[in-house]
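Q: There's a structure below that I have some questions on.
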Amino acid sequence: MTNDVESSIKQVSQNNAELFHKIITDLEQTYLAKNKDYGNSFEESLNEFGEVAGIVRIGDKFNRAKNLSKNKANVTDESKIDTYLDMANYNIMQAMWLMKQGE
């Protein structure tokens with residue numbers, strides 16, 4: 001997610017329902033844009049390597065979030081918020097894949 005998206009989220013009223021709606025709308029836009037750029041690589045990885053492929057990517061984001069909770073980010077274009085939102089999209093895509101598998 002870009003800083004523009006984070007900025008637009010911060011401009012939304014502090015009403016939790018409005019903020020939640022804005023975040024999920026932006027998550028959808030990020031999902032669509034990245035899927036266009038990367039193709040369906042996440043699902044393809046899951047199809048090839050199984051559920052663990054998604055767990056690894058989610059785990060990487062979790063480890064980044066854990067590290068950012070203790071240390072300042074050196075990469076300026078991926079904030080702590082961006083990391084959590086990215087992890088949310090990975091979790092949603094993992095759930096989508098599991099649903100397609102009949103879980």
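Q: So, how do all the Cα-to-Cα distances of region 38-87 break down into 5 Å bins, in percent, from 0 on up?
A: For region 38-87, the pair-distance distribution reads 5, 20, 24, 19, 15, 12, 5, 0.
Q: Report ³J(HN,Hα) in whole Hz for each residue of region 33-44, in order, from the Karplus equation J = 6.51 cos²θ - 1.76 cosθ + 1.60 where θ = phi - 60°; Gly and Pro get x.
A: 5, 5, 5, 5, 6, 9, x, 9, 4, 5, 5, 4
Q: Now for a different question. For a Förster distance of 22 Å, can you work out the FRET efficiency between the beta-carbons of Lys80 and Asn47, rounded to the nearest 0.05? Could you put the intermediate results ahead of the total?
A: Values: r = 31 Å, r/R0 = 1.42.
The calculated FRET efficiency here is 0.10.
Q: Given 0.36 nm per residue, what is the gain on full extension from Asn15 to Val56 after removing their alpha carbon distance, in nm? Before the final figure, lay out the partial values.
A: Values: separation 41, 0.36 × 41 = 14.76 nm, distance 3.41 nm.
Gain on stretching Asn15 to Val56: 11.4 nm.
Q: Label 7 Å along Cα→Cβ of Glu103; region 45-68 residues with amide nitrogen under 20 Å?
A: Only 45-63 fall inside the zone, counting backbone N under 20 Å.
Q: Once label points are set 7 Å from the Cα along Cα→Cβ at both Met96 and Asn63, what is their separation, rounded to one decimal in nm?
A: 2.5 nm
Q: How big is the Cα convex hull of region 12-103 in projection, averaged over all directions, in nm²? Could you put the intermediate results ahead of the total?
A: Numbers: hull surface 29.1 nm².
One quarter of the hull surface, i.e. the mean projection, equals 7.3 nm².
Q: Would you mind checking the pairs Lys66/Lys100; Lys80/Lys100; Lys34/Lys80; Lys70/Lys100 and listing those with alpha carbons more than 27 angstrom apart? Walk me through the numbers before you get to the answer.
A: On the way: Lys66/Lys100 30 Å; Lys80/Lys100 31 Å; Lys34/Lys80 19 Å; Lys70/Lys100 37 Å.
Cα-Cα > 27 Å for Lys66/Lys100; Lys80/Lys100; Lys70/Lys100; rest within.
Q: May I pose another question? Rounded to whole Hz and in sequence order, give me ³J(HN,Hα) for region 91-101 from the Karplus expression 6.51 cos²θ - 1.76 cosθ + 1.60, θ = phi - 60°, writing x for Gly and Pro.
A: 5, 5, 5, 5, 4, 4, 4, 4, 4, 5, 7
Each value in this text was obtained by applying a stated rule to the coordinates, not by laboratory testing. Computed from a predicted structure; not experimentally measured. Cβ atoms come from the backbone with ideal geometry, glycine included; neighbour counts cover every protein chain shown.
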